[in-house]
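The structure under discussion appears below in the form of structure tokens.
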Amino acid sequence: MMDGEVMVVSKPFVNIRITSTLSTFENRRKLNRGITIAELKGLLEMNVGVPASCMDLEIFSATNIFLQKIDNDEALFGSYPVDDECRIHVIDRSGGKANELFNDSSVEKFELSDDAYDQRTETLRSFLKKQQLGPYNEEEAAEKKAKLTTRIEQQKAAAEDISVGSRCKVEVPGQPTKLGTVMYVGTTEFKPGYWVGVKYDEPLGKHNGTVQGKQYFECQEKYGAFVKPLSVIVGDFPEEDYGLDEI
């Protein structure tokens, strides 16, 4: 950078307020400055219900002062004066009226086939495909699926090595180590996967062995907890003497 020059560095994402002529509600979105206005309209279509092809956009400051119209679909979103808390107002040129988005009693139902939706270029789906994000990032999706499968198999194997009645030590990241007794091993109705029900030596739990109305084991209130099998270490862990000098 030469002497006397000033470099302005903008954050890649900006928090925007979104309003429209079809609704009195105000939405909020975190948007990438690097997308085009055409891509922006595709995202806004999912927010406000206005077809991207029928949108006019205006920018207002954080204090709701009109700044300018957004009128170049090929321009980058970041080329306009957008900062955190500014507002984008969507004007519907298709003739819609305020609150009609939430009143479909007089609207003729229209269904767009999945193939026809795929042909559109200004939709959220096309944006995700173009950027290879979310479900359209096949490599990332396959990696996540493989990790999840491996984790499930590890939890299942760990559960098979844990027996009801065993003394155990529970080590959950971010929490103190707790000692207790295994009271339940297996699947549950409250969450998928394998779980271990533990009765702690101290009242450091969350319940009495009953979760969402189903009793899995019995213990005093606040002594029971369910943890993942990989957080349970079975061994010879006698109950501690907590320093009681009198009986």
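Can you confirm whether segment 200-207 contains a residue that is modelled with pLDDT under 95, over 30 Å from LEU40 (Cβ atoms) and of a type in the set (Phe, Trp, Tyr)?
no
Determine which single condition VAL164 fails, assuming it passes every other condition in (1) in contact with a Gly (Cβ under 6 Å, 6 or more places away or on another chain); (2) among the aliphatic types (A, V, I, L, M); (3) in a loop (DSSP other than H, G, I, E, B).
(1)
Any residue in segment 202-229 that's within 10 Å of GLY180 (Cβ to Cβ): show its pairings with residues that are aliphatic (A, V, I, L, M) and surrounded by 19 or more Cβ atoms within 10 Å (Cβ to Cβ) at Cβ separation under 6 Å, as long as the two are six or more apart or on different chains.
Listed pairs, sorted by first residue: GLY205/ALA225; ALA225/VAL198; VAL227/VAL170; VAL227/VAL196.
Any residue in segment 23-35 that is open to solvent by 100 Å² or more (accessible area, probe 1.4 Å) sitting within a Cβ distance under 7 Å of a residue that is in a loop (DSSP other than H, G, I, E, B)? List the pairs, counting only those 6 or more apart or interchain.
Pairs found: THR24/ALA98; THR24/ASN99.
Only residues that are of a type in the set (Asp, Glu) and open to solvent by 50 Å² or more (accessible area, probe 1.4 Å): list them for segment 185-225, please.
Taking segment 185-225 as the starting set, the residues that turn out to be of a type in the set (Asp, Glu) are 189, 201-202, 218, 221.
GLU189, GLU202, GLU218, GLU221, listed by residue number.
Name the pairs whose Cβ atoms lie under 7 Å apart, with the first residue in segment 44-68 and free of Cβ contacts under 8 Å to residues at least 40 places away in the same chain, the second surrounded by fewer than 16 Cβ atoms within 10 Å (Cβ to Cβ) and hydroxyl-bearing (Ser, Thr, Tyr), and 6 or more positions between them or separate chains?
Short answer, once both residue conditions are applied: LEU67/SER61.
Give segment 3-19 a look and list any residue that's open to solvent by less than 90 Å² (accessible area, probe 1.4 Å) and modelled with pLDDT under 90, or say none.
Result: GLY4, SER10, PRO12.
Consider only pairs whose beta carbons are under 7 Å apart and that are at least six residues apart or on different chains; among these, list those whose first residue lies in segment 168-192 and is more than 15 Å from VAL232 (Cβ to Cβ) and whose second residue is open to solvent by less than 20 Å² (accessible area, probe 1.4 Å).
That search, which allows pairs on different chains as well, returns nothing.
Contact list please: Cβ distance under 6 Å, first residue in segment 77-94 and touching a residue at least 40 places away in the same chain (Cβ under 8 Å) and at positive phi, second residue of a type in the set (Gly, Ala, Ser) and part of a loop (DSSP other than H, G, I, E, B), pairs at least six apart or on different chains.
If the second residue must be of a type in the set (Gly, Ala, Ser) and part of a loop (DSSP other than H, G, I, E, B), the pairs left are GLU85/ALA62.
The values are calculated or read from the model by the stated rules, or taken from the named source; none is laboratory data. Please read all numbers here as calculations on a predicted model, not as lab measurements. For neighbour counting, all protein chains shown are included, and Cβ atoms are generated from backbone atoms with ideal geometry for every residue, glycine included. Just the protein is used for accessible areas: all its heavy atoms, side chains included, with ligands, DNA and RNA removed. Shrake-Rupley method; radii C 1.70, N 1.55, O 1.52, S 1.80 Å.
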